[in-house]
Amino acid sequence: MATSTSSTAPASSRCRRAYQKVVNQAEQLLELATDSDDRLIRRSDKTSAWSVGQHLDHMANANQAMAAAVTKILSPEPIETRSGPTFLGRAVLLGGWIPRGAGKAPDFTTPAADSPAQIRSNVRASLQVVSSLGEALPEIGRSKARLDHFAFGGLTPMQWLRTMDVHTRHHLKIIRDIERATD
């Protein structure tokens, strides 16, 4: 007798890879944050208005918000959203790239940490939140529900993971450029 295993089916390899990518990035952020205080205060006005530490704090804030979006989508509460990604959202998801200076960070993601210790704490908390998504991988991979991103439109949980990956890579590139400019 065959039974439905959709609720207990393991996550797809695509979903596991996307999740592992964002966890690896979150671990990389923690590695950068736990380096010297001198690294965190590095700044290159030609590259960015933010220091390395501010980029790390922003990514921690953004990753926590994106992980919360995934969790909200998977909750039993009804969600009202657009039908899908905007043109910009589709371009970013397909291209895997965010142009520099093209957008403004929402207020809740702007760097607010006052010290290297706060940055480290925020990045650590972000890693924990991102890692906790692993418990929901089968649901993340299957869900077609959407929640609005402020610029990219209605995203599924998998698209939120992809956005987290693209956004983090975007800021890691900026950090590398700041470090090159200040060496």
Checking the condition more than 14 Å from residue 159 (Cβ to Cβ), open to solvent by less than 70 Å² (accessible area, probe 1.4 Å) and modelled with pLDDT under 95, which residue from 26, 62, 9 passes?
9
Given the conditions (1) over 15 Å from residue 169 (Cα atoms); (2) open to solvent by less than 60 Å² (accessible area, probe 1.4 Å), which single one is not true for residue 18?
(1)
Enumerate the pairs (first residue in segment 142-159 and under 11 Å from residue 89 (Cβ atoms) and touching a residue at least 60 places away in the same chain (Cβ under 8 Å); second residue anywhere and open to solvent by 20 Å² or more (accessible area, probe 1.4 Å) and among the aromatic types (Phe, Trp, Tyr)) with beta-carbon separation below 7 Å, excluding pairs fewer than 6 apart on the same chain, so at least 6 apart or on different chains.
none
Anything in segment 110-127 that is farther than 12 Å from residue 30 by Cβ and free of Cβ contacts under 8 Å to residues at least 40 places away in the same chain? List them, or say none.
114, 115, 117
Which condition number in (1) free of Cβ contacts under 8 Å to residues at least 12 places away in the same chain; (2) assigned to a helix (DSSP H, G or I); (3) surrounded by 12 or more Cβ atoms within 10 Å (Cβ to Cβ) is the one that residue 35 fails?
(2)
If I go through segment 152-171 residue by residue, how many of them are open to solvent by 10 Å² or more (accessible area, probe 1.4 Å), out of contact with any Lys or Arg (no Cβ under 6 Å at 6 or more places or on another chain) and over 12 Å from residue 96 (Cα atoms)?
4
Residue 85 versus (1) in contact with a Phe, Trp or Tyr (Cβ under 7 Å, 6 or more places away or on another chain); (2) open to solvent by 40 Å² or more (accessible area, probe 1.4 Å): which is the lone unmet condition?
(2)
Selection from segment 48-98 of residues under 20 Å from residue 37 (Cα atoms) and assigned to a helix (DSSP H, G or I) yields 52, 53, 54, 55, 56, 57, 58, 59, 60, 61
Note on segment 128-146: residues of a type in the set (A, V, I, L, M) and open to solvent by less than 30 Å² (accessible area, probe 1.4 Å) are 130, 133, 136, 137, 140
Write out, first by first residue and then by second, each pair whose Cβ atoms fall under 8 Å of each other, whose residues are 6+ apart or on separate chains, and whose first residue, in segment 87-109, is closer than 18 Å to residue 61 by Cα while the second is aromatic (Phe, Trp, Tyr) and part of a loop (DSSP other than H, G, I, E, B).
106/150
Within the set of pairs 6+ apart or on separate chains, which have a first residue in segment 128-139 that is farther than 9 Å from residue 67 by Cα, a second that is open to solvent by 40 Å² or more (accessible area, probe 1.4 Å) and assigned to a helix (DSSP H, G or I), and C-beta atoms under 8 Å apart?
136/71; 136/74; 137/16; 139/74
Within segment 117-127, restricting to residues that are surrounded by 20 or more Cβ atoms within 10 Å (Cβ to Cβ) and not hydrophobic (A, V, I, L, M, F, W, C), the one that is farthest from residue 48 (Cα to Cα) is 126
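The values are calculated or read from the model by the stated rules, or taken from the named source; none is laboratory data. Nothing here was measured: the structure is a model prediction, and the numbers come from that model. Don't worry about glycine lacking a Cβ; one is built from the backbone with ideal geometry, like all the others, and counts go over all protein chains shown. The protein model used for the area step is the full one, side chains on, heavy atoms only, and it has no ligands, DNA or RNA in it. Shrake-Rupley method; radii C 1.70, N 1.55, O 1.52, S 1.80 Å.
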